[in-house]
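Accompanying notes for the structure given below.
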Amino acid sequence: LILEPNKKPLAPVEFDHSGLELVAAGADFKIIKIRKVLENSPAAEAELRVGDRLVSIDGKAAGELSLDRIEEMFSQPEREYDLTVLRGQETLKIKIKLRRLI
């Protein structure tokens, strides 16, 4: 492999418009938890927190979706989702509107 410089500017890579970093946990990887929330992101504005468990997205159980599928869903700017989140023993209904972070 040979890497050589070129004149093309580096383009930012867009992959997420929520500001969330998620992790799949549990023996069957069906528990989706928030590992990180970026400042000034849609996730921060929706008051999502590290440790929150994502229960459903638009009524579909998060555990039935793969982590890749959720990340694909959250890569669509201007989409809006209704989330159900478990924070400790409390179940919260949260709306998040995705946008470009760059």
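The values are calculated or read from the model by the stated rules, or taken from the named source; none is laboratory data. Fair warning: this is a prediction, and the values are worked out from it, not measured in the lab. Glycine gets a Cβ as well: all are built from the backbone with ideal geometry, and neighbour counts include every protein chain shown. The accessibility values were calculated without ligands, DNA or RNA, using every heavy atom of the protein model including side chains. Shrake-Rupley method; radii C 1.70, N 1.55, O 1.52, S 1.80 Å.
Within the stretch 89-101, how many residues are surrounded by fewer than 16 Cβ atoms within 10 Å (Cβ to Cβ) and of a type in the set (Val, Ile, Thr)?
Within the stretch 89-101, residues that are surrounded by fewer than 16 Cβ atoms within 10 Å (Cβ to Cβ) and of a type in the set (Val, Ile, Thr) number 1.
Based on what the data block shows, is Leu3 part of a strand (DSSP E or B) and either within 12 Å of the chain's Cα centre (by Cα) or not aromatic (Phe, Trp, Tyr) (or both)?
In short, no.
Within the stretch 28-38, which residues are closer than 14 Å to Val85 by Cβ and either touching a residue at least 24 places away in the same chain (Cβ under 8 Å) or open to solvent by less than 80 Å² (accessible area, probe 1.4 Å) (or both)?
Within the stretch 28-38, Ile31, Ile32, Ile34, Val37 meet the criteria.
Does Asp16 satisfy the condition of being under 26 Å from Ile102 (Cα atoms) and either in a loop (DSSP other than H, G, I, E, B) or polar (S, T, N, Q) (or both)?
Taking the combined requirement at face value, the residue satisfies it.
So which of Ser56, Ser41, Ser18 is more than 10 Å from the chain's Cα centre (by Cα), touching a residue at least 40 places away in the same chain (Cβ under 8 Å) and surrounded by 17 or more Cβ atoms within 10 Å (Cβ to Cβ)?
When all the criteria are applied, what remains is Ser41.
Might you check whether a residue that is outside any loop (DSSP other than H, G, I, E, B) and of a type in the set (Ser, Thr, Tyr) occurs anywhere in the stretch 62-85?
Taking every residue of the stretch 62-85 in turn, at least one turns out to be outside any loop (DSSP other than H, G, I, E, B) and of a type in the set (Ser, Thr, Tyr).
Name every residue in the stretch 86-102 that is among the basic types (Lys, Arg) and either out of contact with any helix residue (DSSP H, G or I) (no Cβ under 9 Å at 6 or more places or on another chain) or part of a helix (DSSP H, G or I) (or both), in order of residue number.
Those that are among the basic types (Lys, Arg) and either out of contact with any helix residue (DSSP H, G or I) (no Cβ under 9 Å at 6 or more places or on another chain) or part of a helix (DSSP H, G or I) (or both): Arg87, Lys93, Lys95, Arg100.
Regarding the stretch 81-88, can at least one residue be identified that is open to solvent by 30 Å² or more (accessible area, probe 1.4 Å), out of contact with any Ser or Thr (no Cβ under 8 Å at 6 or more places or on another chain) and at pLDDT below 95?
No, the conditions are met nowhere in the stretch 81-88.
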